[in-house]
Structures are given as C-alpha cells and as structure tokens.
Amino acid sequence: MSERENILGRIREALQTKAPLPGSHTAGGSTTHAISDSPAAQAREWLPLVGATPVEQIALFAKNAADLKADFQPLASRADLKPALLRLRDAENWQRIASHQGELSSLAANALGLPVLWTDTGYDVQAMEQCDAGITECDALIAQTGGVAVTSRSAGGRALSVLPPHHIVIARRDQLVADLPAAFALLQQKYTPDFPSMISFITGPSRTGDIERILVLGAHGPKKLTIFCV
Amino acid sequence: MSSFVSQFKAAASVKTADLRHRQVIRTALRSYEVVRDKRKASFQSWESARQAAAETKWEAVNHLDTHLEALTAKLEARGTKVHWASNAAQAREIITKILQDKKARSIIKSKAMTSEEIHLNDALEKAGFTVVESDLGEFIVQLRHEPPYHIVFPSMHLTRGEIKELFQRELGDAPSDSPEDLTMVARRVMRQKYLTADVGFTGANFAIAETGMISITENEGNARLTAALPKTMVTLLGIEKVLPKFADLALFLPMLATAGAGQPMTCYNTMYSGPRQAGEVDGPEEWHVVLLDNRRTELLADPEQRDALHCIRCGACLNVCPIFRNVGGHTYGTTYSGPVGSVITPHLRGLQDWKHLSNASSLCGGCTEACPVKIDLHHHLLHNRRNASTSEPAFFERLSYKAFGLLANEPGLWWLAKKIGWLTQPLQKLVKGSALDPAKAWTKTRDLPPLPQETFKDWWKNRKPTQP
Ligand code: SF4
C-alpha cells in the first residue's frame with residue numbers, strides 16, 4: 001500500500017470517533033448543533049471596520065499605508081504620474097529599472113528615460129538584481145490593511161515585486177476594495193479556475209524584527225514601497 | 001527519572017536564575033503585548049472571529065481525509081508533485097532523493113518548523129548539501145548551531161551585541177551593533193545565495209483544499225525569493241495545515257498576524273498553486289509538496305485533544321506563558337515549546353518521556369485565552385497529566401495516597417500524626433532543603449507553614465458557648 005493510502009487510512013480510522021465542537025469541554029460527546037458549512041463567511045462583520053464610501057476608504061488606505069511605512073501617492077490624473085516618478089528617480093539616482101508590459105506599468109516605465117528590463121519574455125536574474133526599482137501593476141488595493149494584492153500574472157512574475165530594492169505599484173482608483181473578504185472574492189472571481197501560480201498580499205515594505213524585536217525595513221525584499229493611484 | 005525530565009529540570013534551574021535572560025525576554029515581549037492588544041481592539045469582534053476560526057479548523061480537521069484528497073488532486077492537476085511521508089525518516093528520504101535527482105548542491109531555505117521537526121538540515125548536510133537558512137532569525141541561530149528559541153521569533157534570546165560578535169566571527173562583517181546594520185549584512189550575504197541556489201525549500205502556514213494552494217506568511221520577503229528564483233522548489237507541511245476554502249484566508253491571515261506579532265497583516269502572505277505555468281515568466285520548473293504525518297494521526301485519534309491540531313503556530317501562547325518566559329524556549333528540548341509544545345509533544349514523541357512538560361505549568365489559563373483558534377490548552381495539560389498517571393501510576397504517589405487514606409479514616413491515628421508532626425516540625429528546620437529533609441522537593445525553595453498548636457477541632461471543642 002502506498003504511504004498516501006496508509007496516512008488516509010489512519011485519518012479515517014481516527015475520525016470514527018467524533019470530537020466535541022469548539023468551545024465545549026466534554027470529551028467524545030456528539031455534536032449538539034451542526035457548524036455551518038463556511039463558518040468564516042461572515043468575516044467582514046468581525047474584522048476591523050471599514051467605512052462605506054470611497055472617500056472614507058481611500059483615507060483609511062492612506063492611514064494604514066503610512067503606519068506600515070509605505071508611501072502612498074494618490075494622483076489627480078495620469079499626467080501627474082510622470083513628474084512624480086521623475087522626482088523619485090532623481091532623489092534616489094536610479095540608473096536602471098525593471099518592469100512588465102501593461103497599460104499603466106509601461107506608461108510609467110517609459111516615462112523615466114532609463115534603460116528598462118522587461119520581464120515579459122523571460123529575463124536575466126542577475127540583471128534584475130542590479131535594477132534600482134521594480135514597477136508593477138496590481139490586482140487590488142485593500143483599504144482595511146493598507147496593502148496591495150499582486151499575482152504572477154498581473155505584476156510581471158514572481159520576482160519583480162520583491163527583488164529590486166524599491167517596489168513601485170501603479171494602481172487604478174477603481175482597484176481599491178474595502179476589505180480582505182472583498183479582495184479574496186475579487187481574486188476568486190477573476191481567476192477561477194485558472195489561478196496564477198502565485199498570489200501575494202503585500203502589506204508594507206519588507207521588514208524584520210529578529211534583532212531585539214526592533215523594526216528594520218528591507219530585510220530581504222524591497223526597503224521601499226511606493227503606491228501610485230491614478 | 002527519564003533523561004528528558006532531568007535535562008528539563010537542570011536547564012530550567014539554570015535559566016530561572018539567569019537574570020540577564022529574564023531581562024532580554026521581558027524586553028522582547030513588552031511591546032508585543034501592547035501592540036497585540038491594540039490590534040485585537042481594532043477588530044469589530046475578536047471573540048466572534050476566534051469562534052469562527054475554531055469552527056473552520058474544526059471542520060478542516062474533522063474531515064481531513066476529504067480535504068487532503070481535494071488539495072492533492074488540485075495541486076497535481078497543475079503539475080505539482082505531491083509526496084506523502086508517514087514519519088520523519090520517510091520525509092528526509094523523499095527530500096534527499098529529490099535533491100539528488102536534481103543534482104543539486106546548494107539549498108536556500110525559508111523558515112519551516114516542520115523541517116526542525118524532522119531534523120532536515122542535519123540530514124542534508126550529512127548527505128553533502130549546503131543548506132542556508134534565509135529568515136534572519138533562523139540564519140542567526142543556524143550560525144550558532146542551535147535550534148530556534150521560539151517558533152516565531154527564533155533569535156529573541158540574543159542581544160544585538162551577541163549577534164554582532166557572531167557576525168564578526170562567522171562572516172567577518174559587522175560594522176556596528178545596530179539592528180539596521182546587522183540586517184543589511186545578512187541581506188548582502190543572502191542575495192548571492194538566492195541567485196545561485198539550486199533548490200528553494202519552504203514550509204507552509206496554510207493549505208487550501210478548494211483551490212489547491214499553499215499559503216506562506218512572512219515579513220522579510222525571503223520566502224518570496226525562495227519560491228521565485230531557484231529552478232526547483234520543495235515545500236514540507238504537516239497534514240493538519242489544510243483549510244477548506246480560499247476565502248477562509250481573509251479571516252486567518254489577519255488573525256495570525258494579530259495574535260503572533262500584533263500586526264494588521266504580516267508583510268507577505270503568498271499563495272502558490274503550482275510551479276511556473278504556461279505563459280508565466282519565472283518561478284520554479286518543478287514543485288514538490290511533501291505532506292508530513294509524523295504522528296499527527298495519533299493526536300487526531302484522541303477526540304478529547306484533537307483540537308490541538310487546529311494550531312496555526314502563531315506563538316501567542318508562548319508569549320504569554322509565565323513558564324516559557326522563565327525557563328526559556330531551549331529548556332523544553334522539543335521542536336514546539338511553550339504551552340502548545342507541552343500539549344502535543346507527548347503525543348508526537350511519547351507520553352511517559354514527555355509528561356513532565358504538562359506539569360511545568362501554573363494552569364493560569366493565559367494560553368487558552370490567547371489562542372486565536374480557541375484550543376483548550378490548559379485543560380489539555382490536565383488531560384495529559386491524567387493520561388500519564390492512569391497509564392503508568394507513580395509508585396510513591398500511590399503509596400502516599402494509601403497512607404493518607406489510612407490516616408484520614410482513623411481518628412486516633414490522625415490525632416497521633418498531628419501531634420508527632422507538631423513536635424517534630426522544629427527539627428525539620430535544621431535539615432530544611434537538604435538531602436535529609438523528607439519534604440525537600442517543596443522546601444528547597446519555599447517554607448512549610450508551621451502546624452498550629454491548636455487545631456480547628458480543638459478550638460471548636462474548647463470554645464465558650466455564647467450566652468443568649
Ligand atoms: S496553540 Fe494557539 S496560541 Fe499557541 S501557537 Fe497554536 S494557535 Fe497560537
């Protein structure tokens with residue numbers, strides 16, 4: 001018999017005896033009420049509160065992003081994107097950037113007047129490591145957490161959003177969702193049944209507290225995360 | 001006494017007297033409690049969230065076979081190779097074989113307690129592979145050749161000064177003792193390792209049956225890189241990690257972050273559903289997922305303690321435990337320490353050898369209260385004590401209860417024992433805490449209360465009847 005069958009066999013045998021429901025202390029007893037098919041379905045009612053209007057949500061996103069030490073820049077129009085990016089380029093003296101083809105990401109990458117490493121048809125990892133910033137699009141901005149959701153399909157692969165020292169996200173205003181349940185619902189609806197092989201919720205720039213629990217940014221991933229919303 | 005007990009006692013006596021250790025742990029955890037409470041308070045209802053999380057885990061664990069079958073079918077459909085390991089030896093063998101087939105030499109690892117559980121690093125190094133831990137805390141303890149101190153904060157027992165010395169000695173690079181500088185040293189060292197490693201190895205925090213995904217939670221980005229750059233990826237996870245639905249993560253991710261470190265969300269929460277797919281630009285060509293039993297099914301077979309498999313390894317119960325904070329993580333001598341370790345280790349590694357852990361508790365219940373998935377931890381410590389004494393009653397305990405029964409049933413003998421006790425107690429003072437003291441285990445660190453000259457019975461008999 002394969003180990004798979006051995007393990008599944010042991011599980012089935014163990015489950016012959018019912019366990020008490022969570023919260024009851026009696027052992028071996030039978031369940032008094034069935035638990036719902038999806039106990040976490042109402043998570044929205046218990047998670048941190050999010051205002052109903054777009055204005056409240058964008059304000060909450062801005063506050064949460066600031067707490068996480070991410071830089072959030074809502075822009076009035078697409079035309080504002082170029083000057084904002086140029087300011088970053090000059091302040092950090094970028095020489096080379098990496099990006100992927102996309103309506104917003106291409107617009108941003110081409111605006112900089114720098115050599116661009118495009119990931120779309122494969123790329124050299126050492127070359128990406130030399131880039132000063134990685135520019136990606138995303139799937140959602142989440143007001144509740146101040147984070148963004150990206151996937152290997154929407155953000156130029158797995159490495160682009162984590163290897164260069166500065167991650168720039170270009171998002172559309174209508175990508176802002178209220179909370180985590182909304183973000184999961186959106187991803188599920190958008191991608192079922194063919195999910196990208198990686199989905200990542202990025203909540204602030206890379207960090208560690210492993211030395212005396214003191215916060216340091218840029219442990220392995222980006223030291224900086226800038227989110228533009230147009 | 002089993003050697004595990006004596007080791008535990010010896011290590012615990014050293015650590016409890018170590019004021020420096022106490023100071024370091026206290027400092028490390030002080031801000032934890034403040035930020036965690038603030039985070040918990042931001043929930044509309046932390047209690048309802050806990051109940052839902054417990055029920056979700058209950059559903060997952062009590063239909064584990066169906067969920068595992070769904071998970072593996074989905075994973076395999078997208079080209080992932082799934083392996084099953086009944087025990088640690090099998091898991092090591094499977095992983096070693098994958099590495100040999102790939103002719104791999106260097107492995108970059110992101111944090112995985114399951115790999116500690118099966119002593120993977122030792123086995124791989126013996127087989128000639130180079131293994132580098134990429135999580136900063138894990139990297140630090142790997143350089144010190146010691147196991148992680150805590151399941152979430154592996155190096156919380158070390159000061160920046162000690163880490164600076166370590167880096168100086170082992171890496172020849174430590175510009176200062178600032179956490180910022182030290183982190184950057186590790187970042188530099190690790191960058192090249194990522195780019196050249198043949199295999200990336202990860203653990204997992206959750207697996208999703210509905211969509212066939214593995215979810216990894218981390219702050220540093222090291223697991224993201226581990227799963228992005230090397231050509232082959234290997235993931236080892238316990239069979240209990242499965243959750244039924246994709247949307248369950250919307251509840252579990254913020255709860256794990258809140259309970260574990262007082263964060264709204266951990267920095268990177270990433271779901272993987274396969275190796276690099278057609279049309280994708282990077283990611284591993286091959287992905288192997290190894291499902292580990294290693295006696296989890298024994299815990300499953302105990303309905304009373306089955307909920308211990310709900311554990312999401314957040315570390316909250318360790319952080320609040322007065323025993324953990326005083327004896328320290330290494331004293332346990334187990335992969336999983338603190339209250340949850342004391343509950344599950346007797347199941348995973350033998351009740352009689354590890355029953356002492358369930359006695360190392362004040363039963364304050366702080367762990368149960370802290371647990372985001374409502375595991376009845378402190379009752380399980382009692383269950384372990386009960387199970388240990390019914391399966392192998394201690395001889396002296398039985399004898400002393402017999403003797404007590406005899407005395408308590410005979411008023412004459414009881415009276416005599418009291419008188420003898422009262423007369424001889426002053427003598428006990430002379431030998432207090434020494435080898436001659438019959439009550440040594442108690443009196444070594446405490447005083448015995450003096451037996452009263454007049455007992456309650458005497459007082460009752462002699463009292464003056466109050467006048468009406
Ligand atoms: S037992 Fe509960 S509190 Fe302890 S680590 Fe597991 S989930 Fe966290």
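Before moving on, here are some points about what is shown:
- Straight-distance crosslink candidates among lysines, where the alpha carbon sits under 19 Å from residue A:18 and sequence neighbours closer than 8 are dropped: B:57, B:374
- Annotation: per residue accessible area for the stretch A:77-214 equals 33 Å², rounded to a whole number [probe 1.4 Å, protein chains only].
- Debye, to nearest 20: dipole size of chain B, +1 on Lys, Arg Cβ, -1 on Asp, Glu Cβ: 1680 debye
- Amide N of the stretch B:349-391 lying under 19 Å from the label point, which is placed 7 angstrom from the Cα of residue B:2 along Cα→Cβ: B:349-361, B:380-391
- Net charge dipole size for the protein assembly as shown [Lys, Arg +1 and Asp, Glu -1 on Cβ; Debye, nearest 20]: 2200 debye
- Peptide B:400-409 - average C-beta neighbours from other chains (10 Å radius): 0
- When B:398, B:313, B:20 are compared by accessible surface with a 1.4 Å probe, the order from highest to lowest is B:398, B:20, B:313.
- Computed over Cα pairs, the Kirkwood radius of the stretch B:298-391 leads via Stokes-Einstein (0.692 mPa s, 37 °C) to a diffusion coefficient of 255 µm² per second.
- When each of A:63/A:223; B:126/B:355; B:15/B:440 is checked by Cα-Cα distance, pairs over 23 Å: B:126/B:355
- MRE, 222 nm, helices only [DSSP H, n ≥ 4, -39500 (n - 2.57), over the protein assembly as shown, to nearest 500]: -13500 deg cm²/dmol
- Principal-axis tilt of helix B:338-349 within chain B, Cα atoms, nearest 10 degrees: 80 degrees
- Which of B:213, B:113 is most accessible, then next, and so on - probe 1.4 Å: B:113, B:213
- The Cα center of the stretch B:183-255 and the Cα center of the stretch A:52-127 differ in position by 25 Å.
- Take each residue in B:57-69, count the other chain C-beta atoms within 10 Å of its C-beta, and the mean is 4.
- Solvent-accessible area, 1.4 Å probe, carbon plus sulfur percent, for the stretch A:1-145: 52 percent
- What the pair-distance distribution of chain A shows, using all Cα-Cα distances binned every 10 Å from zero, is 7, 26, 28, 17, 12, 7, 2, 0 percent.
- Reachable lysines from residue B:464, criterion Cα separation under 26 angstrom, eight or more residues apart if same chain: B:418, B:419
- Area buried, chain B against chain A - accessible surface, total, 1.4 angstrom probe, square angstrom: 7900 Å²
- Euclidean distance of C-alpha centroids, the stretch B:1-55 and the stretch B:331-354, integer Å: 16 Å
- Using only the C-alpha atoms, the convex hull of the protein assembly as shown corresponds to 207 Å³ per residue.
- Here's the picture: charge each Lys and Arg Cβ at +1 and each Asp and Glu Cβ at -1 in the stretch A:56-198, and of A:70, A:59, A:155 the one pushed furthest to the positive end of that dipole is A:59.
- Cα-derived Rg over Rh, computed across the stretch B:119-248 with Rh taken as Kirkwood radius: 1.00
- Note on B:190-196: average number of Cβ atoms from other chains within 10 Å of each residue's Cβ is 3.
- Dipole magnitude (debye, nearest 20) for the stretch B:367-468, charges at Cβ of Lys, Arg, Asp, Glu: 320 debye
- Only one residue of B:320, B:383, B:399 has its Cα farthest out toward the positive end of the dipole of the stretch B:315-416, where Lys and Arg carry +1 and Asp and Glu -1 on Cβ, and that residue is B:320.
- Percentage relative contact order, the stretch A:51-229, counting C-alpha pairs under 8 Å, at least six apart: 26 percent
- Centroid-to-centroid separation of the stretch B:56-89 and the stretch A:182-230 [C-alpha atoms, Å]: 26 Å
- Of the cross-linked pairs B:109/B:231; A:190/B:245; B:102/B:241; B:81/B:241; B:9/B:429, those separated by over 22 Å at the C-alpha level are B:102/B:241; B:9/B:429.
The values are calculated or read from the model by the stated rules, or taken from the named source; none is laboratory data. Everything quoted here is computed from the prediction, not taken from an experiment. Note: ideal-geometry Cβ built from the backbone for every residue, glycine included; neighbour counts use all protein chains shown. For accessibility, only protein heavy atoms count, side chains too; no ligands or nucleic acids. Shrake-Rupley method; radii C 1.70, N 1.55, O 1.52, S 1.80 Å.
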